[in-house]
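Here is the structure we will look at.
The values are calculated or read from the model by the stated rules, or taken from the named source; none is laboratory data. Since we're looking at a predicted model, the values are computed, not measured. All Cβ positions, glycine included, derive from the backbone under ideal geometry; neighbour counts span all protein chains shown. Surface areas here come from the heavy atoms of the whole protein model, side chains and all, with no ligands, DNA or RNA. Shrake-Rupley method; radii C 1.70, N 1.55, O 1.52, S 1.80 Å.
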Amino acid sequence: MKKREYSKEELEQMELMRHSASHVLAAAVIKYFEKEGEIVKLGIGPAIEHGFYYDFDLPRKLTNEDLPEIERIMEEIKEAGESFEHRMLSKEDAVNMLTERGQLYKVELANDLEDNELSFYKSGVIDDLCRGPHVADTSKIGAFKLTSIAGAYWRGDEKRPMLTRIYGVAFPTPEELKEHLDWLEEAKARDHRKLSKELDLFMFSKFGPGFAFRLPKGEKLWQLMVNYWRQMHEDAGYVEINTPIMLKKELWEKSGHLKNYAEKMYFAKTGDDEDFSYCIKPMNCPGGILVYKNSLKSYRDLPLRVGELGLVHRYESSGEMSGLLRVRQFTQDDAHIYMTEGQMKDELKKVLELTAKIYQDYQLEIDHIELCTKPEKSIGSDEQWALAEKVLEEVLEESGIEYQINPGDGAFYGPKIDFHLSDSIGKTWQCGTVQLDFAQPDNFELEYVSESGERKRPVMIHRVIYGGIERFIAIILENFAGKFPMWLSPVQIKIIPITRKHQKYANDVAEKLKEAGLRVQVDKREERMQAKIRDAQMEKINYMLIVGDKEMEHGGVAVRSRDEKDLGLMKTEDFIAKAQGEVENKE
Ligand SMILES: [Zn+2]
Ligand SMILES: [Zn+2]
């Protein structure tokens, strides 16, 4: 069930319509509270992907029960076909008018605008400070539905008032709206927070906001992903290191992190420190660089590909946290590649290939690739930045990879290539990144001895493929809807003895499966068989093996796949071969 694709023109048209729908929502909320004799203070109301929202300061809390009536009023306004009338007001008149109406938030917005004349659009009861444009009249806003209510701080600032945000979706036709609502249902069923709980993979605690705890099955999944990663990297000529989780402040001063990244860092002090003297690492690079400097390198050592599954901490604002998707403590599947300038392009191409292969094994598609250029805060010279950006561009072009430019979104030490993936229902995720860096090697005076015996400076690649492993797990959970393929399933097989007297046989079968390297559990509970099957299906176990008299007699197992397919009686050996094949082939 993929999302429908729209052309750029269609999307622009929809944006107009969705933005106009946000005015209609505001008008409806004003009317709704008029009945109660209350006034509504308006925040902002933009179009967003699939729909729109509007922020309100309301006289009382709204619940989902209020939405149908607000929606009904919106329909009325739509049917009335009220036009959007534009006019310009001097800033002074605008501020006076908004102040008189008690629209404090709009007054603040008006005051912040630098123009002398401000643009207003009037439609029915609503007369809004807005640049426009809109559809001709409210009858053109298409099919819509209000979907949810959330709290949102005014201007995203935790110190400002919390407003009520009403979200809606809008599409040109009722069919497209229905399609989208069905898609949302599907996406909800795949929500990784829900699945992680149902499958017993991770937990969170108020004592570690944004820190994921791995439960036994989550840890198993983790290990499977890491084993796979290690094999892929060993095959690609990487070595692996591990560096300390915190290092002295002076290192982070030198690396530029304290100047460019401090707002996202955690700090630590020892018992007799006045101030902090250690920084908990938000990135693995400085530690990795110390390892490089541990011994003198020669051109023969290059390219040197050094992987590190590094545990990092980043203080994301609490508004940005969302289950495993945005955590404050995570393990990056990092690697730093040190190389000569002549090796840059080859190495970058190899990284792009390895990345694509790994995504393919997880059944994720590359949606698009971005080239992110020099940000506001940066280290290194303009020449280095220009060269690094040029090399990345050439590598993408030579590899025949289409890309778009994302200006100013590079890392502070170099430009990067970002991978955006799309999952089985067309949701997109930013994932791996490849950064080319001339600045840190300079900064840390990295060297190698060239063929002619001179000291030269290497160039560095920083790259992650999973990104944060926690986040990648969220992505694959949603991609597979929790139904992991055999090679990734924490528990692949559940053996269900029909009665207590089949228990021993069940244990024997389990032993054989374990010896064959399969992950198996026996359901020993005194439950009815149907209940055990249902529970195994809920746990999304790949195969259930039911054993009773008939199976014992034939030395076999009755096989059921989790999608309720009855595969009949199989010899235990045959089932083992089938299961191993699926693991092997990553089916
Ligand atoms: Zn508008
Ligand atoms: Zn790095």
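Quick notes on this one:
- Only Cα pairs under 8 Å and 6+ residues apart enter the sum, and on that basis the relative contact order of the chain stands at 10 percent.
- Cα convex hull of the stretch 203-262, projected area averaged across orientations, nm²: 6.6
- Antiparallel bridge percentage (DSSP; both residues within the chain; nearest 5): 85
- Additional length obtainable on full extension of the chain from Ser205 to Arg155, 0.36 nm per residue less Cα span: 15.1 nm
- Under the membrane-span-like helix rule (DSSP H runs whose alpha carbons stretch at least 30 Å along the helix axis, mean Kyte-Doolittle hydropathy -0.5 or higher), the chain yields 8-34.
- Accessible carbon and sulfur surface of the stretch 195-305 relative to its total accessible area, %, 1.4 Å: 54
- For the stretch 396-541, the square roots a ≥ b ≥ c of the C-alpha gyration tensor eigenvalues yield an a/c of 1.5 or more together with a/b exceeding b/c, which makes the shape prolate.
- Taking a ≥ b ≥ c as the square roots of the eigenvalues of the Cα gyration tensor, the stretch 256-383 is oblate, since a/c reaches 1.5 or more and a/b is not larger than b/c.
- Theoretical ellipticity at 222 nm over the chain - DSSP helices of four or more residues, -39500 (n - 2.57) apiece, nearest 500: -11500 deg cm²/dmol
- Value of relative contact order over the stretch 271-371, rounded to a whole percent, pairs C-alpha under 8 Å and six or more apart: 26
- Among 282-289, 484-491, sorting by the average number of other beta carbon atoms lying within 10 angstrom of each residue, highest first, gives 282-289, 484-491.
- Solvent-accessible area assigned to carbon and sulfur over the stretch 486-585 amounts to 47 percent, based on a 1.4 Å probe.
- Sequentially through the stretch 326-343, phi angles give Karplus couplings (6.51, -1.76, 1.60; θ = phi - 60°) of 9, 10, 9, 10, 8, 9, 8, 8, 7, 7, 10, 10, 9, 7, 7, 4, x, 8 Hz, Gly and Pro residues having no value and appearing as x.
- The alpha carbon gyration tensor of the stretch 315-443 gives principal lengths a ≥ b ≥ c with a/c of 1.5 or higher and a/b no greater than b/c, which makes the shape oblate.
- For the stretch 8-183, the pair-distance distribution built from all alpha carbon pairs, in bins 5 Å wide starting at 0, is 1, 8, 17, 21, 21, 17, 9, 4, 1, 0 percent.
- Accessible carbon and sulfur surface of the stretch 346-445 relative to its total accessible area, %, 1.4 Å: 43
- The chain - accessible surface per residue (Å², probe 1.4 Å): 48
- Geometric extent, Cα atoms of the chain - Rg, Dmax (angstrom): 29.1, 92
- Relative protection proxy for 270-280, 467-477, from highest mean packing down: 467-477, 270-280 (other beta-carbon atoms within 10 angstrom).
- Straight-line reach from Lys249: taking Cα to Cα under 14 Å and skipping same-chain neighbours fewer than 8 places apart, the aspartates and glutamates in range are Asp273, Glu274, Asp275.
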